[in-house]
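Everything on this sheet refers to the single structure shown next.
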Amino acid sequence: MKKPVGRLFLTGSLALALSFGAVQSAFAHAHPKHETPAPNATIDISTKEVAIDFDEGLEPSFSSIIVTGADGKPVNDGKSAVAQNDDKHMTAALQPLSAGTYTVAWIAVAKDGHRTQGHYTFTVK
Ligand SMILES: [Cu+2]
């Protein structure tokens, strides 16, 4: 009598796994695919921009990149922007940098309204 129960359980688990997968893709959050400079990278002072490519399109009004120096002050040159021709690409222009460690804090609001955020550092030498 155990076999029918086992098969029923398996079928139920499969259905659950499939519906979970469907929910995940229907409500995809935006996560970084590629960052420039890369996390933990050491770069030179000629760097003028931070750029992040996401795996989902972003809502420009609610998404942002803020870069701060070791003193906690922003070094952005104006507001960050989502590219008009590529809503997965967000950039932040930078003031001239000096040597030190910088933190990139990003907020990404996907087209479904879901918000993700994160941060990483890079070093200028
Ligand atoms: Cu989402």
When both residues are 6+ apart or on different chains and their Cβ atoms are under 7 Å apart, which pairs have a first residue that lies in the stretch 60-72 and is more than 22 Å from A30 (Cβ to Cβ), and a second that is surrounded by fewer than 15 Cβ atoms within 10 Å (Cβ to Cβ)?
G69/G100; A70/G100; A70/T101
Candidate set: the stretch 38-69, residues that are over 21 Å from H89 (Cβ atoms) and not in a loop (DSSP other than H, G, I, E, B); chosen: the one least open to solvent (accessible area, probe 1.4 Å)
T68
When the residues of the stretch 70-79 are filtered to those that are in contact with a strand residue (DSSP E or B) (Cβ under 8 Å, 6 or more places away or on another chain) and of a type outside the set (V, I, T), which remaining residue is most open to solvent (accessible area, probe 1.4 Å)?
K79
Are any residues in the stretch 31-66 touching a Leu at 6+ places or on another chain (Cβ under 6 Å) and of a type in the set (A, V, I, L, M), and if so, which ones?
I45
Counting only residues that are in contact with a Pro (Cβ under 6 Å, 6 or more places away or on another chain) and more than 24 Å from R115 (Cβ to Cβ), how many does the stretch 36-55 have?
1
For residues that are in a loop (DSSP other than H, G, I, E, B) and more than 16 Å from the ligand (Cβ to nearest atom), scanning just the stretch 87-115, find the one that is least open to solvent (accessible area, probe 1.4 Å).
L97
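State whether one or more residues within the stretch 48-55 are touching a strand residue (DSSP E or B) at 6+ places or on another chain (Cβ under 9 Å) and within 16 Å of the ligand (Cβ to nearest atom). Spell out the reasoning first.
Taking the stretch 48-55 first, the residues touching a strand residue (DSSP E or B) at 6+ places or on another chain (Cβ under 9 Å) are 48-55.
Narrowing the set further to residues that are within 16 Å of the ligand (Cβ to nearest atom) leaves 54-55.
Scanning the stretch 48-55 turns up at least one residue that is touching a strand residue (DSSP E or B) at 6+ places or on another chain (Cβ under 9 Å) and within 16 Å of the ligand (Cβ to nearest atom).
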Sort through G118, G72 and tell me the only one that's in a loop (DSSP other than H, G, I, E, B) and either modelled with pLDDT of 95 or more or touching a Gly at 6+ places or on another chain (Cβ under 7 Å) (or both).
G72
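The values are calculated or read from the model by the stated rules, or taken from the named source; none is laboratory data. Please read these numbers as outputs of a predicted model, since none were measured by experiment. Neighbour counts run over all protein chains shown; Cβ positions are idealised from the backbone, glycine included. We work out accessible area using only protein heavy atoms, side chains counted, and drop any ligands, DNA or RNA first. Shrake-Rupley method; radii C 1.70, N 1.55, O 1.52, S 1.80 Å.
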